[in-house]
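Below: the structure, in structure tokens.
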Amino acid sequence: MNIQINDSFNVLYEPNLSFLKDALCPNTVEKEFKYYFPDLIQNNSLDQIQVIRHKHQKRCLIEYKFKGEKEFTLLGKVKFKGTDTKSYYLQKNLWKNGFDEHSSDQVSVPQPIGIIPKWKMWLQRKVTGYTTTLLLGKPDGVNIAEKIAYAAYKLHQFPAKSDRYHTIDDELDILHQKLPLVSELYPHWKIRINEILKKCNKFGESLSYVPSVGIHRDFYADQVIINDSRLYLLDLDLYCYGDPSLDIGNFIAHITEYSLRVLGDFQALKDREIALKEAFIKLIGEENRKRIIIYKFLTLVRHIYISTQIKERNAYTEHLIRLCETCAETEML
């Protein structure tokens, strides 16, 4: 058996992860997969195991490649505190009710495969394609943005259940926890950051009540894969009840931050941002325009903190502060 194993994150050296030893052992993996998923695995053999993502003491993602009659790849999502069954059953519910790979509106989720409790893992089929991060800047970027608006709307209309809520108060609490940490790192920006937080409070308090729906809550370009004309929504781990405008405001803010950091101009993909916003407003109503703008602003403020946590983004912290200051005085008033 010549099976490649790539554990570049050395997850087995992390305390309390001995339960993953078998999940990275080819013989055991083939045995367990044949037991749990016999119809899927028949006429195929394991070719490669790779840990492709890892967050210390929280979770990891393991990729299992199979060759044979029809090559395919499974992604095993591991949550160290215990199997994330909520995400699995949510995705299974979506898949069975209009989000499968044959849905007529071309909006899907990856096929959920099953759970292996002893590995604290649930698995889905890996979908091929490109993230919208790579495609929004292409000539068809405006059309893609409009399709993303519909994909979010479709998710928001789905009657899934959740025991989690995310309110505007929760959003503000995150900012009040994280932004003071930036002030500790850069005391000379403390006054500016405090003023930005005051603006966050003001805008948050201006939002009126809207009924909560099921939202993605971590919606941005890397969470959408496009294969030909089909869109796949990824990583619904934070799915909860909340304001649908949060997802769109969050997505737009990520486009702005990406434009600033990668393209050198925060308005480089402005037409994509406008297309996404306007397409969503057509679906959900004009009264949500202000809400989208506010959630975009709050997400940009959160990016100030994020920029201090990723070495490659440190150089953009003050640019983001300046951008948030500008947005607070122009776009938001």
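The values are calculated or read from the model by the stated rules, or taken from the named source; none is laboratory data. Note that the structure is predicted; figures quoted are calculated from it, not measured. A quick note on method: Cβ atoms are made from the backbone with ideal geometry, for glycine too, and the neighbour counts reach across all protein chains shown.
Leu236 - would you say it is among the aliphatic types (A, V, I, L, M), surrounded by fewer than 18 Cβ atoms within 10 Å (Cβ to Cβ) and in contact (Cβ under 8 Å) with a residue 24 or more places away in the chain? No; evaluated as a whole, the condition is false for this residue. Only residues that are of a type in the set (Ser, Thr, Tyr) and out of contact with any Lys or Arg (no Cβ under 7 Å at 6 or more places or on another chain) were counted in region 305-333, giving 4. Counting the residues of region 304-333 that are among the polar types (S, T, N, Q) and closer than 19 Å to Leu263 by Cβ gives 4. In this structure, is Asp169 within 24 Å of Val142 (Cα to Cα), of a type in the set (D, E, K, R) and modelled with pLDDT of 95 or more? Answer is no for this residue. Condition check for Gly114 on (1) out of contact with any strand residue (DSSP E or B) (no Cβ under 7 Å at 6 or more places or on another chain); (2) within 29 Å of Tyr36 (Cβ to Cβ): one failure, at (1).
Glu69: touching a Leu at 6+ places or on another chain (Cβ under 7 Å) and modelled with pLDDT under 95, yes or no? Here the answer is no, as Glu69 does not meet what is asked. In region 16-53, the qualifying residues are those that are in contact (Cβ under 8 Å) with a residue 24 or more places away in the chain and surrounded by fewer than 12 Cβ atoms within 10 Å (Cβ to Cβ), and the one that is farthest from Leu74 (Cα to Cα) is Asn16. The one condition from (1) touching a Leu at 6+ places or on another chain (Cβ under 8 Å); (2) more than 19 Å from Thr83 (Cα to Cα); (3) not β-branched (Val, Ile, Thr) that Asp39 does not meet is (1). When Leu269, Leu320, Leu298 are checked against the criterion of being crowded, with 20+ Cβ neighbours inside 10 Å, under 30 Å from Ala160 (Cα atoms) and assigned by TED's automatic domain parsing to the domain that holds Gln157, Leu298 stands alone in meeting it. Within region 153-178, residues that are touching a residue at least 12 places away in the same chain (Cβ under 8 Å) and closer than 23 Å to Glu278 by Cα have Cβ atoms under 6 Å from residues that are charged (D, E, K, R) and assigned to a loop (DSSP other than H, G, I, E, B) in no pair, counting only partners at least 6 apart in sequence or on another chain.
Set side by side, the residues Phe251, Phe297, Phe280 differ, and just one is under 30 Å from Val78 (Cβ atoms), assigned to a helix (DSSP H, G or I), of a type in the set (A, V, I, L, M, F, W, C) and in contact with a helix residue (DSSP H, G or I) (Cβ under 9 Å, 6 or more places away or on another chain), which is Phe251.
The residues listed here are Lys290, Lys277, Lys199; of these, the one that is buried (at least 16 other Cβ atoms within 10 Å of the Cβ) and more than 22 Å from Tyr316 (Cβ to Cβ) is Lys277. If you filter region 54-71 down to residues that are of a type outside the set (Asp, Glu) and surrounded by 14 or more Cβ atoms within 10 Å (Cβ to Cβ), you find that the one that is farthest from Asn6 (Cα to Cα) is Arg59. Checked against the criterion of being among the charged types (D, E, K, R), within 30 Å of Asp228 (Cα to Cα) and within 25 Å of the chain's Cα centre (by Cα), the candidates Lys147, Lys161 yield just one match: Lys147. Annotation note: of Ser103, Ser87, the sole residue that is of a type in the set (S, T, N, Q), modelled with pLDDT of 95 or more, within 22 Å of Thr131 (Cα to Cα) and surrounded by fewer than 19 Cβ atoms within 10 Å (Cβ to Cβ) is Ser103.
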